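The values are calculated or read from the model by the stated rules, or taken from the named source; none is laboratory data. Since this is a predicted model, take the numbers as computed values, not measurements. Neighbour counts are summed over all protein chains in view; Cβ atoms, including those assigned to glycine, are modelled from backbone coordinates with ideal geometry.
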Amino acid sequence: MTTLARPSTSDGDLPLTEADFARIARIAKAGWGLSLESAKRPLIRSRLGRRVKALGLGSFDAYCDVVESGEAQESDHFVTALTTNVTHFYREAHHFEMLESQILPPILQAARQGKRVRLWSAGCSSGQEAYSLAGSILALAPDAAKLDLRILGTDIDPTVLQIAQDGVYDPKICLFPTPALEERVFGRAPPTGGLRAVRPELKALVTFRRLNLVKPWPISGRFDVIFCRNVVIYFDKPTQRQLWARFAEVLHPGAWLLIGHSERIADPQELGLDPAGITTYRHAGAPSGKAPS
Ligand SMILES: C[S@@+](CC[C@H](N)C(=O)[O-])C[C@H]1O[C@@H](n2cnc3c(N)ncnc32)[C@H](O)[C@@H]1O
């Protein structure tokens, strides 16, 4: 069944030609590293078609002119329409088990001795991954607020970043592996139901920022743990490899990089990374090789 291919009433009957699609794909790749497969054409036609209509334009080509003119607001709409933001609290729970049993204990010990500790949820979507990291940290270190320890959550899509910053979710659409983890994030459920706010202790550990992973990063210092999961699946292989190399450069020796379940680094040692578990890599110390520029 191809319901997506049918013109929807909300986007009218605007044709999306091969040339339009190629132009949209070029803009998405150059601006955000996104590789648009032709299977996504009906979805893109429907989502961007609404914007074409809202702006009173007659074609996708005219719409691309607006996006390429650098009009910030429209480029926000464009990126929101093209990104996939699916996420859950404690998604791929095995990573959090490893985090709590193996990765965090020595990091927290070093933090208690005064070390600066930084974790990064890169491509954090609406914040569930960053708050899950905060929940794991607080479970092991209730005193985390007193340490020089911060979690950075970044994404390119302003719509989901706003949700992350607010930290307020509808529990009916929040999936948790266990009720105990849900309580960790939101505290005890009130009998009334309704929207739930992330516990202030978790919120206090996390900062959200807009950051485009395929452009220069306005960040300083190195990281102890980077989660970049289910983000690069939307990039082509050369863009993926460049990103892995850039992550390797901002990890401390011995620090950790965790990637999504369907992602892999083809040549980790070349980048100075050692495989260290399921879709988990560790900075090898002095890098054994430099990434090609
Ligand atoms: C499927 S979500 C993954 C969320 C979370 N990491 C997880 O695994 O549950 C992918 C996110 O990557 C973001 N993204 C895509 N391209 C990006 C880019 N160039 N820079 C930063 N974020 C990007 C999207 O906006 C989206 O929110």
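Name the pairs whose Cβ atoms lie under 6 Å apart, with the first residue in segment 31-57 and free of Cβ contacts under 8 Å to residues at least 24 places away in the same chain, the second surrounded by 18 or more Cβ atoms within 10 Å (Cβ to Cβ) and not basic (Lys, Arg), and 6 or more positions between them or separate chains?
These pairs meet every condition: Leu57/Tyr63.
Looking at segment 76-125, which of the residues that are hydroxyl-bearing (Ser, Thr, Tyr) and either at pLDDT below 95 or under 16 Å from the mean Cα position of the chain (by Cα) (or both) is nearest to Leu243 (Cα to Cα)?
Going through the qualifying residues, I end up with Ser121.
Being in a loop (DSSP other than H, G, I, E, B) and within 21 Å of the chain's Cα centre (by Cα) is the filter here, so list the residues in segment 168-193 that pass it.
Asp170, Cys174, Leu175, Phe176, Pro177
Counting only residues that are within 17 Å of the chain's Cα centre (by Cα), give me the strands (runs of 3 or more DSSP E) lying completely in segment 242-287 with at least 1 of them.
Once the strands (runs of 3 or more DSSP E) in segment 242-287 are filtered for at least 1 residues that are within 17 Å of the chain's Cα centre (by Cα), what remains is 251-259, 280-283.
Could you count how many residues in segment 89-109 are part of a helix (DSSP H, G or I) and within 10 Å of the ligand (Cβ to nearest atom)?
1
What number of residues within segment 206-241 are over 26 Å from Met98 (Cβ atoms) and part of a loop (DSSP other than H, G, I, E, B)?
Residues meeting the conditions: 7.
Going through Asp170, Asp155 one at a time, which residue ends up being in the same structural domain as Leu205 (by TED's automatic domain parsing), over 13 Å from Leu104 (Cβ atoms) and surrounded by 19 or more Cβ atoms within 10 Å (Cβ to Cβ)?
Asp155
Scan Val66, Val52 and give me the residue that is buried (at least 19 other Cβ atoms within 10 Å of the Cβ) and in a helix (DSSP H, G or I).
On inspection, the qualifying residue turns out to be Val52.
With the requirement that a residue be under 27 Å from Asp76 (Cα atoms), without any contact (Cβ under 8 Å) to a residue 12 or more places away in the chain and among the charged types (D, E, K, R), what does segment 188-233 give you?
Passing the criteria: only Lys215.
Would segment 112-121 turn up any residue that is within 16 Å of the ligand (Cβ to nearest atom), assigned by TED's automatic domain parsing to the domain that holds Arg209 and assigned to a helix (DSSP H, G or I)?
Within segment 112-121, none of the residues are within 16 Å of the ligand (Cβ to nearest atom), assigned by TED's automatic domain parsing to the domain that holds Arg209 and assigned to a helix (DSSP H, G or I).
Residue-wise test of (1) in the same structural domain as Trp120 (by TED's automatic domain parsing); (2) closer than 22 Å to Ile173 by Cβ; (3) away from the ligand (no atom under 16 Å from the Cβ); (4) in contact with a Gly (Cβ under 6 Å, 6 or more places away or on another chain).
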{"site": "Gly194", "(1), (2), (3), (4)": "yes, yes, yes, no"}
{"site": "Glu201", "(1), (2), (3), (4)": "yes, no, yes, no"}
{"site": "Thr207", "(1), (2), (3), (4)": "yes, no, no, no"}
{"site": "Asn212", "(1), (2), (3), (4)": "yes, no, no, no"}
{"site": "Gly221", "(1), (2), (3), (4)": "yes, no, yes, no"}
{"site": "Val232", "(1), (2), (3), (4)": "yes, no, no, no"}
{"site": "Lys237", "(1), (2), (3), (4)": "yes, no, no, no"}
{"site": "Ala248", "(1), (2), (3), (4)": "yes, no, yes, yes"}
{"site": "Leu251", "(1), (2), (3), (4)": "yes, no, yes, no"}
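One residue is enough: does segment 71-88 have a residue meeting the conditions outside the structural domain of Leu205 (by TED's automatic domain parsing), of a type in the set (Gly, Ala, Ser), exposed (fewer than 15 other Cβ atoms within 10 Å of the Cβ) and not in a helix (DSSP H, G or I)?
Taking every residue of segment 71-88 in turn, none turns out to be outside the structural domain of Leu205 (by TED's automatic domain parsing), of a type in the set (Gly, Ala, Ser), exposed (fewer than 15 other Cβ atoms within 10 Å of the Cβ) and not in a helix (DSSP H, G or I).
Got a sec? Which of Ala164, Ala180, Ala145 is loosely packed, with under 14 Cβ neighbours inside 10 Å and touching a residue at least 24 places away in the same chain (Cβ under 8 Å)?
Ala145 is the lone residue from the list that is loosely packed, with under 14 Cβ neighbours inside 10 Å and touching a residue at least 24 places away in the same chain (Cβ under 8 Å).
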